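Below: the structure, in structure tokens.
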Amino acid sequence: MSEDVPTDVPDDVSSLVGDAAVALLVTPVASAAALAATCALAGVAVDVVPSPVGALAVCRDRSGDAPTGAARSVSQLLKGVPVVLLVRREAQLEASRWLDGARGDDLAPGLVLSDAPEILEDLAIGTVTPDEVEGVESSVGMSRLRAMRLLASSARKNRKA
């Protein structure tokens, strides 16, 4: 007689396939400092790289489902702003859209990278690290007060423009 063995399948299978080599949050946020501040408020450790299409957050914690948690937390704070989570595990790229803390569609990574700036592709495949890029901002060590001040300053600049 065979015994039924219960199995639990998580909503996000990334925890079953191992740690990510690279995890990026692709956003339309214009300022690297503003995205770093948002990530600091969300409790997500990232290095934010500026790009012509928006700031790119490179997740420091790529273990298990940490990238998914980062996308959820950051997209909750960026109300109404789409965030794309781009993850590379070994030679496999995965992309998913996030909005208001909820995972949306899976995207074809080739389409995400097709019209993207070169820096996004370089970060995704690992030929460049954030410390090699000019203008990088980090959420690590940023206090909540400093994060709030950065966001308030950014909002004032946007209202004036």
**Prompt:** Taking interchain pairs and intrachain pairs at least six residues apart, which have beta carbon atoms under 9 angstrom, with the first residue in the stretch 25-48 and in contact (Cβ under 8 Å) with a residue 40 or more places away in the chain and crowded, with 24+ Cβ neighbours inside 10 Å and the second assigned to a helix (DSSP H, G or I) and of a type in the set (Lys, Arg)?
**Reply:** 37/146; 37/149; 40/144; 40/146
**Request:** Can you give me the number of residues within the stretch 32-55 that are part of a loop (DSSP other than H, G, I, E, B) and either in contact with a Lys or Arg (Cβ under 6 Å, 6 or more places away or on another chain) or under 18 Å from residue 145 (Cβ atoms) (or both)?
**Result:** 3
**Message:** I'd like the residue in the stretch 94-117 that is modelled with pLDDT under 95 and outside any loop (DSSP other than H, G, I, E, B) and, out of all such residues, is surrounded by the most Cβ atoms within 10 Å (Cβ to Cβ).
**Reply:** 112
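Run down 141, 110, 69, 104 and say which single residue is out of contact with any Lys or Arg (no Cβ under 6 Å at 6 or more places or on another chain), without any contact (Cβ under 8 Å) to a residue 60 or more places away in the chain and under 16 Å from residue 25 (Cβ atoms).
Within the list 141, 110, 69, 104, the selection yields 69.
The values are calculated or read from the model by the stated rules, or taken from the named source; none is laboratory data. This one's a predicted model, so the numbers in the text were calculated from it and none came from an experiment. Positions of Cβ are generated from backbone atoms using ideal geometry, with glycine treated the same way; all protein chains shown enter the neighbour counts.
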